[in-house]
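Report on the following structure.
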Amino acid sequence: MEKVALSQRRVFFYVQHLLGIGHLARASRIAKALLVGGFDVTMATGGLPVPGFPGEGLRTVVLPPVTAGDKGFSGLADAEGNPVTAAFQEHRKDVLLEALHLSEPDVVIVEAFPFGRRQMRFELLPLLDAIEAMDRRPLVAASLRDILQERTKPGRAEETVELVKKHFDLVLVHGDPAFARLEETFPLAGEIADRVVYTGLVAPPPPAEPAETFDILVSAGGGAVGKELIGAALGAARILPQDLRWCLVTGPNLPQPDFDDLSAAAPHGVSLFRFRQDFASLLAGARLSVSQAGYNTVCDILRAGCSSLLIPFTAGGETEQSTRATRLESLGLAAVLPEDGITPQELAQQVESMLARSKPDIPPLDLDGADRTATILEEHLKRMVGLRSCRSA
């Protein structure tokens, strides 16, 4: 096989966000690092559009969007909220496979699957079969966050292992093993240990100096399930001293009527935004972050080094955020407040307590996972090309 120059190496990156924007945000950080590393990147996205993502310089394939049917990820809905049909799924699959072949990739990255995103098997299993049938099979990698949703249904983990062994060359775990190891939330990790590579956490670069500073920065991730948190924060702001400055970031997916109601109810000293491009720098200047415990938000908090009050998302039996929050609390890096029944009084009490604490001492975790991912793929691609060259000699 003729060796392809690095500048011509192509990555096809599939990512599907269903409820929040965390999967898309992490994948976009990785894609940007790949672009800087000399790769030509095509991102196939399948969720509702989010302003600013995936980012400039990337080729994009926008699949007909789907979203979660409810907070428990039960079923799929189209952009209008209607349950997806078999014809809709067939069309999406065809669009995805056509995009794969047109991109002629050297590397295919599939975000979450087969460890998650089982709802998308209708298009991902055909995608993997199409890759296996290619004359020049690309390197195939799964892209995972460090802590997975715990599965209770029998046979699911075994099915995942079978798919990894059959289709995937690498399992890129975007975490620091000093903080969380794959086998802690995926018990059969030992069966695929030869494919697992830890990249470090995919955190943003060190933030710039903040253009403005706030005492408390409250963020609700994508915003699809953040109304209760923002509402409680507004109530807490009325209870606590009025000289405290609050910044509330609702997320782009909060319905407009809800945003309008919350904005109208904001007391003095509270600024309400849907999205802030400078979120990372705002964190660096804040005395306290109040947020859910999603992967990207926690990475932002660790990079900024600010105090943190975490309210993990637990709807639909979700365990990932609770696991992450508990680990951070045990390290003295955060306090945790349960999501169920959160009240302004409880939140005000916790905020007051956290503001009285000193800044946490952040341990030396690896936060450069995006750049490291690009390096790992480059190294493995060179190795794969070298092996093919030896075989054809």
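Where a number appears in this text, it was derived from the coordinates with a stated rule and is not lab data. Quick caveat: nothing in here was measured; it's all calculated off a predicted structure. Because the Cβ atoms are built from the backbone with ideal geometry, glycine has one as well, and the counts that use them run over all protein chains shown.
Using the Cα atoms of the stretch 278-319, I'd like the radius of gyration and the largest Cα-Cα distance, Dmax, both in angstrom.
Here Rg and the maximum Cα pair distance are 11.0, 34 Å.
When all C-alpha to C-alpha distances in the stretch 158-234 are sorted into bins of 5 Å, what percent of pairs does each bin hold, rounded to whole numbers?
Each 5 Å bin holds this share of Cα pairs: 3, 11, 15, 13, 11, 13, 13, 9, 7, 4, 0.
Here are some pairs, K153/K382; K32/K382; K153/K359; which of them have Cα atoms lying more than 30 Å apart in this structure?
Too far apart for the 30 Å limit: K153/K382; K153/K359.
Determine one quarter of the surface area of the Cα convex hull of the stretch 67-118, which equals its mean projected area, and express it in nm² to one decimal.
Details: hull surface 18.3 nm².
Averaged projected hull area, Cα only: 4.6 nm².
What share of the DSSP beta bridges in the chain is antiparallel, in percent to the nearest 5? Before the final figure, lay out the partial values.
Working: 5 of 50 bridges.
In the chain, approximately 10 percent of DSSP beta bridges are antiparallel ones.
If you bin the C-alpha pair distances of the stretch 237-305 every 5 Å from 0, what whole percents do you get?
That works out to 3, 14, 24, 24, 19, 13, 2, in percent per bin.
Can you find, among A44, I362, A335, the residue farthest towards the positive end of the dipole of the chain? Put +1 on the C-beta of Lys and Arg, -1 on that of Asp and Glu.
Looking along the dipole axis, the top candidate is A44.
For the chain, what is the charge dipole size about the Cα centre, in debye to the nearest 20, if Lys and Arg each add +1 at the Cβ and Asp and Glu each add -1 at the Cβ?
680
Once the Cα gyration tensor of the stretch 241-393 is diagonalised, what are the square roots of 5 times its eigenvalues, in whole Å and ordered largest first, as equivalent ellipsoid semi-axes?
Taking √(5λ) for each eigenvalue gives 38, 19, 16 Å, largest first.
Going by Cα centres, the stretch 163-227 and the stretch 298-355 are how many Å apart?
Comparing the Cα centres of the stretch 163-227 and the stretch 298-355, I get a distance of 17 Å.
Beyond 40 Å, how much of the Cα-Cα pair distribution for the chain remains, as a whole percent?
I get 16 percent for the Cα pairs in the chain exceeding 40 Å.
Placing unit charges on C-beta atoms (Lys and Arg positive, Asp and Glu negative, everything else neutral), compute the dipole magnitude of the stretch 7-146 about its Cα centre in debye, rounded to 20.
Its charge dipole is roughly 440 debye.
P(r) tail for the stretch 95-142, what percent of Cα pairs lie past 17 Å?
Counting pairs separated by more than 17 Å, the tail of P(r) holds 27 percent.
Highest mean first, how do 340-346, 52-58 rank when packing is the count of other Cβ atoms within 10 Å averaged over residues?
Packing order, densest peptide first, comes out as 52-58, 340-346.
Sort the following peptides by mean Cβ neighbour count (other Cβ atoms within 10 Å, averaged over residues), highest first: 255-268, 286-299, 324-337.
Order by mean packing, descending: 286-299, 324-337, 255-268.
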